[in-house]
Amino acid sequence: MFDLITGLPIHPLISHAVVVVVPLAAIGALILTFVAKWRSTYLPLVYIAVLLSPITAFIATQSGEALSERVGLPKSHSTLGERLALVVLAFAIIFSIWFAIEKSDRVRTKSPKLLQQVVKVFVPLLAITSLVLTVLVGHSGAEATWKYRITQAEVSALEGPAPSASAPAGTINLSTAEVKRHNTKTDCWSIVNGKVYNLTSYVQNHPGGAAVISNICGKDGTNSFTNQHNTQSKPNSVLSGFLLGSLGASITKEAGQQVIAPPASSNNGESGEESGEESEKD
Ligand code: HEM
Ligand code: HEM
């Protein structure tokens, strides 16, 4: 539902709302906790920001999930994002109770003293937690999006095509430059929807012929693949078996050197005469 808007992902758009609204709510709540004289004037304003927080965070998590299906899942970022959504929901609930206590004499006299004290402790506590989490979620999201690109751009500018220069020893960075090096029928990597696949063993096993696969070796094959197979489940599930990782991720050198065998059922003998049987056995 919250995937694209005018062809662009909703996630970066809505995450800007989260990183503005949540800190406003949190800082506002902290100030009002300690400065009682401002409460009567500013409590409703802060309350608006507090109520907007879980709404924007909910859209951010939903749109984040949709974006992950396109570009891969940034694990720690998504975990932190989901946690933030829960924390701001709890914050909005506790703040609502505080709001009622502050604004209504009837609620204040009727609600137990213990509840009022718990609320007074939890409002600033949840405000601080929301603030810290927002910084972490925003930072990890921006890092997932930009860190690799910036590093790669600097590497390219300084050293020309140096595909693995930014990867730590013993690992391979799944950059477009790295993919470009695997551009032959016998060493074939390709990018589909932001993920890198090792299709080496599939060139000769593809039911639609070797040529179309070798055409996309070393390149972004998203258009070719989706134009032909779009949402067909079998090609998509076969493709997922060749996954190395998301573009920009790091994998071990060992994983990069292994040829991934095609699934036993990939050729089925339908139309792929090129090589077939032997490789079907494993
Ligand atoms: C309140 C929650 C969240 C916030 C505030 C948030 C914020 C962000 C931000 C600021 C970016 C960088 C956007 C850019 O610079 O263009 C980003 C990227 C991203 N986020 Fe989130 N995010 C949240 C939750 C999630 C969740 C739950 C998921 C996945 C389940 C997710 C998946 C992603 C993905 C896939 C990217 C793009 C990474 C890439 O380009 O490689 N986010 N997010
Ligand atoms: C990149 C990875 C690809 C994978 C994993 C893949 C997978 C498959 C699979 C599993 C089939 C058999 C479909 C079935 O049994 O229902 C198939 C057939 C076929 N593929 Fe691909 N394919 C890929 C790329 C391509 C590309 C780039 C093209 C053309 C540009 C293409 C053209 C065809 C054709 C013409 C057939 C036979 C007709 C059909 O069954 O649809 N494939 N492919």
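The values are calculated or read from the model by the stated rules, or taken from the named source; none is laboratory data. Since the model is a prediction, treat every value here as computed from it, not as a measurement. Note: ideal-geometry Cβ built from the backbone for every residue, glycine included; neighbour counts use all protein chains shown.
A few notes on this one:
- Filter result for Ile216 (hydrophobic (A, V, I, L, M, F, W, C) and either touching a Gly at 6+ places or on another chain (Cβ under 7 Å) or within 13 Å of Pro262 (Cα to Cα) (or both)): no
- Unique match (being under 31 Å from the mean Cα position of the chain (by Cα) and surrounded by fewer than 20 Cβ atoms within 10 Å (Cβ to Cβ)) among Leu131, Leu115, Leu84: Leu131
- Scanning the range 256-266 turns up one or more residues that are within 8 Å of ligand 2 (Cβ to nearest atom), at pLDDT below 90 and over 21 Å from Glu69 (Cβ atoms).
- If you check Val137, Val50, Val107 for being in a helix (DSSP H, G or I), assigned by TED's automatic domain parsing to the domain that holds Ile14 and either without any contact (Cβ under 8 Å) to a residue 40 or more places away in the chain or within 16 Å of ligand 2 (Cβ to nearest atom) (or both), only one passes: Val107.
- Here Leu13 fulfils each of the conditions (1) loosely packed, with under 13 Cβ neighbours inside 10 Å; (2) more than 13 Å from Phe95 (Cβ to Cβ) apart from (1).
- Test: residue in the range 55-67 that is within 24 Å of Val121 (Cβ to Cβ) and either at pLDDT below 95 or within 8 Å of ligand 1 (Cβ to nearest atom) (or both): yes
- Qualifying residue in the range 219-228 (condition: farther than 22 Å from Ser175 by Cα and more than 7 Å from ligand 2 (Cβ to nearest atom)): no
- Within the range 19-47, being among the β-branched types (Val, Ile, Thr) and within 22 Å of Val135 (Cβ to Cβ) holds for Val19, Val20, Val21, Val22, Ile27, Ile31, Thr33, Val46.
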